[in-house]
1. Run the simple label-point estimate for Leu233 and Asp149 please: 7 Å along Cα→C-beta, distance reported in nm.
2. What does the convex hull of the alpha-carbon atoms of the range 133-277 project to on average, in nm²?
3. For Lys292, list the aspartates and glutamates whose Cα falls under 17 Å from its own Cα; do not include residues on the same chain fewer than 8 positions away.
4. Assuming a viscosity of 1.567 mPa s and a temperature of 4 °C, what translational diffusion coefficient in µm² per second does Stokes-Einstein assign to the range 318-395, Rh being the Kirkwood radius over Cα pairs?
5. Hey, which lysines would be in cross-link range of Lys240, C-alpha to C-alpha under 22 Å, not counting anything within fewer than 8 residues on its own chain?
6. Can you tell me which lysines have their Cα less than 27 Å from the Cα of Lys99? Leave out same-chain residues fewer than eight positions away.
7. For the chain, compute Rg over Rh where Rg is the Cα radius of gyration and Rh is the Kirkwood radius from the inverse mean 1/r over Cα pairs.
8. Putting +1 on Lys and Arg Cβ atoms and -1 on Asp and Glu Cβ atoms, find which of Leu349, Pro382, Asn362 reaches farthest to the positive end of the dipole of the range 341-392.
Amino acid sequence: LHCALAYRCDNVVIRGRIARTNSFPCGAFRGFGAPQAIWGLESHMDTIAARIGKTPHAYRRQIHARPGDVTPTGQILSDENGSTACLELALKRSDFARKLKQSSRGNLRKGQKKYYGIGLSFFAHGAAFTGDGEAKFKAKGRMELALLDDGKPGVNIRVSSTEMGQGVHTIFTQIASDALSLDPARIRFPMADTGLVPNSGPTVASRTTMVVGNVVHRASQDLKSQVEAFASLRHFRGEKAVLKDSQLMAKGRKPLAFAKVAREMLAELGDVNGFFEFHLPPETRWDQATFKGDSYPGYSWSANVAEIEIDPLTCELTVTRVTAAVDVGRIINPILAAGQVEGGLTQALGYSVMEKIATGKNGLYDAARLQTYIIPTALDVPEYDVKFVEYPYSYAPPGGKGLGELPMDGLAPAIANAVEAAIGKRLRTIPITPEALFEALHPAQGGTP
C-alpha cells in the first residue's frame with residue numbers, strides 16, 4: 001500500500017512474494033513494512049531522476065501526489081493533504097538546491113576534508129487501520145463523571161489506549177479539557193483496565209490521536225451536554241446552560257462552579273458518563289478481497305533531507321543534520337509531537353547506518369546483546385530541524401492524523417541518496433556501515449583489508 005503512495009502514476013503493478021526461510025523469527029517494527037517499501041522507492045526515485053537528466057527535487061516536484069490524485073488502490077486524495085507544503089518547506093529550510101551542487105560526488109572539493117552529500121526523501125503513511133479495520137473495531141470510549149482521588153468532582157478518561165512514552169496521557173487530557181471547557185487539573189486518565197474501559201482498539205497503526213482522540217473528544221462533548229442539561233433544569237429554570245472555563249453559565253444568571261453541579265449530579269443520578277463510538281465516513285469504500293478502494297481514512301506526509309560527511313580514510317559516516325517537514329494534521333501538543341519525530345528519526349538513524357544482526361556458521365546470533373548490537377547514542381544524534389504544516393483531518397475533531405510510524409519511514413533512503421551525492425556510488429543495502437562504504441570505494445581490493 002505504501003510502495004507507490006506518494007507519487008502520481010496511472011499504471012501501477014505491485015507484486016508481493018512470500019518466501020519460506022530458515023532465518024530467525026521477527027515481529028512488527030515501527031512503520032510495519034512502510035520503511036522497507038519506501039527505502040526501495042525513494043532510492044529508486046533518485047536513480048530515475050538522474051537517468052532522465054533531472055535533479056532529485058525537480059523530479060519530485062513534478063510527480064508527487066497532490067489533492068485529487070488517485071492512489072494505487074483507487075482512493076482519491078482529499079484536500080486535507082500537506083504533500084506539496086512538506087516538500088517545499090523541507091527544500092527551503094535545508095537550502096537543498098544550493099547544497100546539492102556542493103556535494104563531493106567522489107572528489108573532495110576545495111576546502112573539503114571529508115566527502116559531503118545531501119539527500120532527499122518524500123513519503124506518506126496511512127493513518128489508522130488499513131481498509132475496513134476501523135469499521136470492524138468501532139472504537140468506543142467513555143468519559144466518566146466521578147469523585148477523584150482528592151474527593152472533589154472531576155472526569156476520568158475511559159479508553160483502552162496504552163501509554164508507552166508517546167504522551168497519550170497528556171494528549172487525551174488536553175483534548176478532553178478543550179472539549180469539556182474544564183480545567184485539566186480535574187481530568188484523569190487512569191491506567192487502562194479491560195474490566196473498566198470500553199474497547200477502543202489496540203495502541204497501534206498510528207491511530208491513537210486520530211481515532212481514539214476523536215472518541216475522547218466526542219464522548220467529552222456528550223458528557224458536557226448532560227452536565228449542561230442538568231444545570232439548566234436544576235438551577236436555571238430551563239434556560240440554556242453552557243459549561244465554560246469550569247463554570248456553568250446561563251443568560252441573566254449567576255455562574256455556578258462545575259464542582260457544585262457535578263457533585264449534585266453524582267448524588268442524584270449515580271453513574272454519569274459520556275459515550276462515543278467511532279465510525280468511518282459513510283462514503284468510505286473498501287474491498288478486502290481485491291484491496292481496492294479507500295485504503296486509509298487519512299494520510300500523513302513528510303519530506304526528509306539528510307546531510308552527511310564521510311571520512312575518506314576511515315569511511316566513517318556522520319549524519320550532521322536532518323530537516324523534516326511533517327503534516328500530521330492538527331498538532332495537539334507541539335513539544336510532544338516534535339519529540340515523537342525526533343525519536344523516530346533517531347530510531348531510523350540506527351536502522352540506516354548501525355543496526356545489524358545475522359547468524360554465524362554455528363547458527364548463533366552475531367549481535368546477541370547491546371554491546372554488539374549497536375544503536376545510536378546521544379553523541380550520534382545529528383542536528384534536527386523539525387517543522388510542521390497543519391492539514392487537519394476534519395471528519396474526526398480535533399483533527400490529528402497519524403504520527404507514530406511516519407518518522408521511521410524516510411530517513412534511510414535520504415541518507416543513501418546523500419551517500420551517492422557524497423561518493424558517487426549507490427549503496428542498495430542497509431545499514432550503510434564503514435565496511436560497506438569501503439567496499440563501494442575500493443571494489444578492486446575486495447572489501448576491508
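Coordinate-derived values only; no laboratory data. In this text the structure is predicted, and so the values were computed from the model without any measurement. Every residue, glycine as well, gets a Cβ built from its backbone with ideal geometry; the counts of neighbours run over all protein chains shown.
1. 3.4 nm
2. On the way: hull surface 35.2 nm².
Result: a mean projected hull area of 8.8 nm².
3. Asp10, Asp69, Asp132, Glu134, Glu283
4. On the way: Rh = 14.9 Å.
Roughly 87 µm²/s, to the nearest whole number.
5. Lys224, Lys251, Lys254, Lys260
6. Straight-line reach from Lys99, under 27 Å: Lys54, Lys110, Lys113, Lys114, Lys387, Lys425.
7. Numbers: Rg = 25.7 Å, Rh = 24.3 Å.
Value, to two decimals: 1.06.
8. It is Asn362.
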